[in-house]
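Everything below concerns the one structure shown next.
The values are calculated or read from the model by the stated rules, or taken from the named source; none is laboratory data. Remember, it's a predicted structure, so these values are computed and weren't measured experimentally. Neighbour counts are summed over all protein chains in view; Cβ atoms, including those assigned to glycine, are modelled from backbone coordinates with ideal geometry.
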Amino acid sequence: MTINTSMFQGQKAVYYTLGCKLNFAETSTLGKYLAEQGIRRAAIGEQADLCIVNTCSVTELADKKCRQAIRRIKNQHPGAVMIVTGCYSQLKPEEVKQIEGVDYIWEKDIHTFVPSCSQGDRTRHFLKVQDGCDYFCSFCTIPFARGRSRNGQIEALVQMAETAGREGGKEIVLTGVNIGDFGKTTGETFFDLIRALDKVGSIERFRISSIEPNLLTDEILDFVAHSQHFAPHFHIPLQAGSDEVLKLMRRKYDTALFRSKIEKIRTVLPDAFIGIDVIVGMRGETPDYFEQTQRFLETLPFSQLHVFPYSERPGTMALKIEPAVSPEEKQERSRRLLELSDRKLKDFYRSQIGSVHQVLFEHTKRGNTMHGFTENYIKVEAGYNPQWINRLIKITLENLNEREVIFRQV
């Protein structure tokens with residue numbers, strides 16, 4: 001529905017975002033738009049007149065977290081008008097309407113591309129370059145929530161990046177639903193986009209968010225390997241290390257292609273951080289198929305896994321697949337892969353001890369410490385120094401603590 005924002009002019013709003021980096025970028029843009037309409041952001045501890053919750057619906061757990069967040073925020077601001085937007089409200093509007101305290105559902109236009117770039121007190125900016133997906137994987141509802149693949153014009157996206165740089169941004173993460181599919185609506189390519197963005201001198205770093213392995217071309221990898229601005233950091237969805245399960249998922253690659261991409265990264269960018277998404281307990285994933293996934297992952301030189309138990313989503317083709325995997329078995333499979341991830345991450349961190357990097361330090365203060373990230377996404381801890389906030393500091397990685405890397409300044 002369309003909401004008349006004039007009725008809220010002069011009032012105070014709070015924003016709460018769940019889910020992916022794309023949602024954060026969109027919330028930021030929405031906040032900026034409402035500020036232009038005379039609706040200011042409520043200060044910490046201040047009672048709001050308007051609450052806006054941007055939701056996620058990638059799993060049943062995500063739906064549950066959205067319901068909990070809506071109720072919690074309503075309790076914190078009992079007199080406020082509650083507006084819910086995002087994927088959960090897009091897919092299940094009737095269910096969201098039944099949540100006590102919800103006043104409006106703000107549905108999105110899933111046919112046109114609406115650009116957005118996060119702003120505010122973040123060191124990192126999230127630039128939305130693409131939206132929607134044409135893949136229709138058997139387990140996924142994203143195409144129904146966000147529509148078909150579409151994107152912005154490169155010229156306009158470059159201008160947004162330049163604006164972020166002028167406003168003090170040092171790092172931009174390129175976000176979208178399927179960013180490697182960039183260009184469907186403009187006749188351009190993702191490679192064209194990163195070449196254009198690499199020329200934006202005011203931005204120190206660009207990061208590529210999750211990109212499908214079949215769309216991560218050697219051309220892109222070779223470019224990043226020689227770029228002064230694109231970080232050696234990749235997040236690639238595998239989802240299953242069994243070719244049989246990949247077919248059930250209707251993915252567009254096999255394990256041989258995936259292995260070739262990881263090996264190519266390690267060849268041209270040996271110190272790159274490689275994160276991998278995996279779904280465990282997909283319908284049809286037998287114990288043997290899961291063992292194939294674990295053995296496949298054991299042999300890959302990645303840095304970290306993001307493990308998700310399969311969640312049944314209404315309207316998906318996967319619901320027709322048999323057999324189903326029990327919740328207990330999903331939990332056990334998750335535990336095994338998370339243990340593998342911990343080992344791989346520690347091995348990656350240890351391999352970087354003694355190396356020199358640039359760390360972009362963030363605003364967040366934790367006790368007397370602050371943290372930041374190297375170009376290859378190693379989290380670094382330091383004693384708090386306000387002069388280092390939003391600055392690139394050259395450091396040598398020295399040793400590990402329980403959470404991240406300690407360093408000494410070069």
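Provide a single number: the residues in region 334-379 that are hydrophobic (A, V, I, L, M, F, W, C), free of Cβ contacts under 8 Å to residues at least 40 places away in the same chain and closer than 22 Å to residue 227 by Cβ.
Number satisfying all stated conditions: 1.
Select from region 150-179 the residues that are touching a Pro at 6+ places or on another chain (Cβ under 9 Å) and either of a type in the set (Gly, Ala, Ser) or within 30 Å of residue 283 (Cα to Cα) (or both) and list them in ascending order.
Those that are touching a Pro at 6+ places or on another chain (Cβ under 9 Å) and either of a type in the set (Gly, Ala, Ser) or within 30 Å of residue 283 (Cα to Cα) (or both): 152, 156, 177.
Mind listing whichever residues of region 307-344 are assigned to a strand (DSSP E or B) and either modelled with pLDDT under 95 or among the hydrophobic types (A, V, I, L, M, F, W, C) (or both)?
307, 308
How many residues are assigned to a strand (DSSP E or B) and either in the same structural domain as residue 225 (by TED's automatic domain parsing) or not polar (S, T, N, Q) (or both) when one looks only at region 359-402?
Number satisfying all stated conditions: 23.
Does residue 131 satisfy being acidic (Asp, Glu) and crowded, with 23+ Cβ neighbours inside 10 Å?
Answer is yes for this residue.
Being modelled with pLDDT of 95 or more and either hydrophobic (A, V, I, L, M, F, W, C) or surrounded by fewer than 20 Cβ atoms within 10 Å (Cβ to Cβ) (or both): is that true of residue 285 here?
Against the criterion (modelled with pLDDT of 95 or more and either hydrophobic (A, V, I, L, M, F, W, C) or surrounded by fewer than 20 Cβ atoms within 10 Å (Cβ to Cβ) (or both)), residue 285 does not qualify.
Since residue 45 meets every condition but one in (1) out of contact with any strand residue (DSSP E or B) (no Cβ under 9 Å at 6 or more places or on another chain); (2) at negative phi, which condition does it not meet?
Going through (1) out of contact with any strand residue (DSSP E or B) (no Cβ under 9 Å at 6 or more places or on another chain); (2) at negative phi one by one, residue 45 breaks only (2).
Specify which of the listed residues (99, 39, 52) is touching a strand residue (DSSP E or B) at 6+ places or on another chain (Cβ under 6 Å), free of Cβ contacts under 8 Å to residues at least 40 places away in the same chain and not assigned by TED's automatic domain parsing to the domain that holds residue 169.
39
Scan region 217-235 residue by residue and report those that are over 16 Å from residue 169 (Cβ atoms), surrounded by fewer than 22 Cβ atoms within 10 Å (Cβ to Cβ) and modelled with pLDDT of 95 or more.
If the condition is that a residue be over 16 Å from residue 169 (Cβ atoms), surrounded by fewer than 22 Cβ atoms within 10 Å (Cβ to Cβ) and modelled with pLDDT of 95 or more, then 217, 218, 219, 220, 221, 222, 223, 225, 226, 227, 232, 235 are the ones that fit.
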